[in-house]
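Here is the structure we will look at, set down as structure tokens.
The values are calculated or read from the model by the stated rules, or taken from the named source; none is laboratory data. Not measured: the values here are computed from a predicted model. Quick reminder, even Gly has a Cβ in these numbers, built from the backbone with ideal geometry, and neighbours come from all protein chains shown.
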Amino acid sequence: MLDTATRRLTLAQQSILTDEIRREIGYQTEPIIIEVDKTLLRLFTQAVGDINPLWTDDAEARKGPYGGIIAPPSLLCSSMATSYNLPYAHIPALQPMRRLDGGGEWEFYRPIRLGDTITATASLHDMTEKRGRLGPMVIVTSEITWHNQRQALVARAYTTAIRY
Amino acid sequence: MASQIYYEDVAVGNEVPQLVKNPTTRQLVQWAAGSGDYYEIHYDQEAAHKNGLPGVIVHGKLKTAFLTQMVTDWIGKEGKVRKLSVRYQGMDYPNQQLTCRGKVTAKYERNGEHCVECEVWTENQEGQKTTTGALTVALPSRR
């Protein structure tokens, strides 16, 4: 086991993205199931401090365009659907590196309703290497899709993680 | 929530009503639980220091959720978020005021929907933009 300083020095000299690692592009994770119940929505909306009646108030939401509670779109910006099943978690070379969230893009096609069962699938979309101040930096893009229990596409995202 | 806003009410250059947040360490822990992001740099000072940070930092995706909240507060029950993009420009720390702001950059009809694009950003206490992004929403029309 190398100590951190040695490991960092080693990382600084090498290219991380070998051909072997590049072949992992396209790797798809096992789907993750998200049951959208009131407990999940309460935990999430309280964490944000978002009391919009569309996601918190049965009676008010019933009068709205969806006829009931829906999830806030940002539910799909939470890591819940991906963080414990990242499509690059199996690549050892990326694991000793520090990580930062680089942002992303989401497109929303259908609302998520209370009671829906959402299936999230992530795949490794791209990896690029750059040389940063602290040595090599790998920018990993994941594509995530979410489908509901009727197999309808709910949303798609491309999210970026920076490993350095 | 304010009364419903319509496509015809919006002009390019309009500001989105701002949303002020004061994330505490408690809120970061709540977000960890609510979102499933248990990366230690958001609640463990020692882990943050080991990662070269001056202290625990606010989750990027919590800032994204704040920006989305600002916009869903504005567009009312009939508005729909269609697209969202964000990029993190700087770190934010707990117990510091974070202001979410936005401005309308475009409006157009597409696929039968009345779309409005906004640039959005978070500002720290020094007025620096720490998150930048854009949201596209569909609004109801009076026509």
### Query
So which helices (runs of 4 or more DSSP H) stay within region B:14-100 end to end and still have 1 or more residues that are without any contact (Cβ under 8 Å) to a residue 60 or more places away in the chain, of a type in the set (D, E, K, R) and crowded, with 19+ Cβ neighbours inside 10 Å?
B:60-75
### Query
Pick from B:Thr105, B:Thr99, B:Thr25: which is under 30 Å from B:Arg142 (Cα atoms) and either more than 11 Å from chain A (Cβ to nearest Cβ) or in contact with a Lys or Arg (Cβ under 6 Å, 6 or more places away or on another chain) (or both)?
B:Thr105
### Task
Residues being at the interface with chain B (Cβ under 8 Å from one of its Cβ atoms) and either in contact (Cβ under 8 Å) with a residue 60 or more places away in the chain or closer than 21 Å to B:Trp74 by Cα (or both): count how many of those fall in region A:30-44.
1
### Query
Do the conditions hold for A:Arg133, that is, is it closer than 25 Å to B:Ala47 by Cα and not hydroxyl-bearing (Ser, Thr, Tyr)?
yes
### Task
Look through region B:30-52, keep the residues that are out of contact with any helix residue (DSSP H, G or I) (no Cβ under 6 Å at 6 or more places or on another chain) and more than 9 Å from chain A (Cβ to nearest Cβ), and return whichever of them is nearest to A:Ser78 (Cα to Cα).
B:Asp44
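One line per residue, one yes/no per condition, for (1) at pLDDT below 95; (2) in a loop (DSSP other than H, G, I, E, B); (3) crowded, with 21+ Cβ neighbours inside 10 Å:
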residue: A:Ile25; (1), (2), (3): yes, yes, no
residue: A:Glu30; (1), (2), (3): yes, yes, no
residue: A:Ile33; (1), (2), (3): yes, no, no
residue: A:Thr45; (1), (2), (3): no, no, yes
residue: A:Ile51; (1), (2), (3): no, yes, no
residue: A:Leu54; (1), (2), (3): no, no, yes
residue: A:Glu60; (1), (2), (3): no, no, no
### Query
Does A:Gly115 fit the bill of being at positive phi and more than 7 Å from every other protein chain (Cβ to nearest Cβ)?
yes
